[in-house]
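As structure tokens, the structure follows; a few thoughts come after it.
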Amino acid sequence: MAARKTSTFWYYIAKAIFGVTGWRQTGQVPPEIKKCMMIAAPHTSNWDIIMARAAFYIMDVDVRFTVKSEWTENPLLGWLVKAIGALPVNRSRNNSLVDGMVKLFDQYQELVILITPEGTRAYQPKWRKGFYYAAVEAKVPILLGFLDYKNKEAGVGPVFWPTGDYEKDLEEIKAYYRTKTGRFPAQGVR
């Protein structure tokens, strides 16, 4: 039996969260996928990070996610944000998040970066493109992670290999997410 990537403590906290709320975890990151960009959608609530992170602890996936650097520098909560997998991003400088993510994929043997391409919890018809181009440049797949509040499911859908045709690929990705219901359905993917 392989050693857990995440601590037993976080695993049992996640199981308790799912048990109390009636949620279940579905799907898995395929074992052959060692590096990938993971989309988290629909993103309509601050609760999404709690439910998504709990699902990844249950799946034993050491997922990392980007946050504003201010969150990790916060004296009260910064330690917790880092402990659950935050990768701080300084948005005050003119830096390339895509280049930064590609470098991270080059540095690590195994890495799952979780991204909310909507960029906000409100409905957003235009998704940020960085996740897509980082996956293309790093030559990694995009996994379709989801939260479905209607069915109380959190998990991983299909593996998607970007073709380089952003518009076509994005439509296919969004079609999958139209079958999932966010906490606030009116703010979900259309």
query = Has the stretch 137-144 got any residue that is modelled with pLDDT of 95 or more, touching a Pro at 6+ places or on another chain (Cβ under 6 Å), crowded, with 21+ Cβ neighbours inside 10 Å and farther than 22 Å from Asp48 by Cα?
reply = no
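Of everything in the stretch 137-163, what is part of a strand (DSSP E or B) and among the charged types (D, E, K, R)? Give them in sequence order. Walk me through how you get there before you give the answer.
Step one: of the stretch 137-163, the residues part of a strand (DSSP E or B) are 142-148, 153-160.
Answer for the stretch 137-163, where residues must be part of a strand (DSSP E or B) and among the charged types (D, E, K, R): Asp148, Glu153.
Within the stretch 38-84, track down each residue that is of a type in the set (S, T, N, Q) and without any contact (Cβ under 8 Å) to a residue 40 or more places away in the chain. Can you show your working first?
The initial filter retains those residues of the stretch 38-84 that are of a type in the set (S, T, N, Q), namely 44-46, 66, 69, 72, 74.
Scanning the stretch 38-84 gives Ser69, Thr72, Asn74.
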request  = Output the residue which, of all residues in the stretch 62-83 that are at pLDDT 85 or above and polar (S, T, N, Q), is farthest from Val98 (Cα to Cα).
outcome  = Asn74
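Here is a yes/no grid of residues against (1) assigned to a strand (DSSP E or B); (2) of a type in the set (A, V, I, L, M, F, W, C); (3) within 23 Å of Tyr177 (Cα to Cα); (4) in contact with a His (Cβ under 7 Å, 6 or more places away or on another chain):
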| site | (1), (2), (3), (4) |
| --- | --- |
| Pro30 | no, no, yes, no |
| Met37 | yes, yes, yes, no |
| Ala40 | yes, yes, yes, no |
| Arg53 | no, no, yes, no |
| Thr66 | yes, no, yes, no |
| Leu80 | no, yes, no, no |
| Asp99 | no, no, no, no |
| Leu104 | no, yes, no, no |
| Ile113 | yes, yes, yes, no |
request  = Output the residue which, of all residues in the stretch 161-190 that are aliphatic (A, V, I, L, M) and within 20 Å of Gly130 (Cα to Cα), is surrounded by the fewest Cβ atoms within 10 Å (Cβ to Cβ).
outcome  = Ala175
inquiry  = So for the stretch 66-84 (the condition being under 11 Å from the mean Cα position of the chain (by Cα) and under 27 Å from Trp23 (Cβ atoms)), does at least one residue qualify?
reply    = yes
inquiry  = So, in the stretch 19-41, how many residues would count as being surrounded by 14 or more Cβ atoms within 10 Å (Cβ to Cβ) and either in contact with a helix residue (DSSP H, G or I) (Cβ under 6 Å, 6 or more places away or on another chain) or of a type in the set (Gly, Ala, Ser) (or both)?
reply    = 6
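The values are calculated or read from the model by the stated rules, or taken from the named source; none is laboratory data. Note that the structure is a prediction, hence the values are computed from the model and not measured. Positions of Cβ are generated from backbone atoms using ideal geometry, with glycine treated the same way; all protein chains shown enter the neighbour counts.
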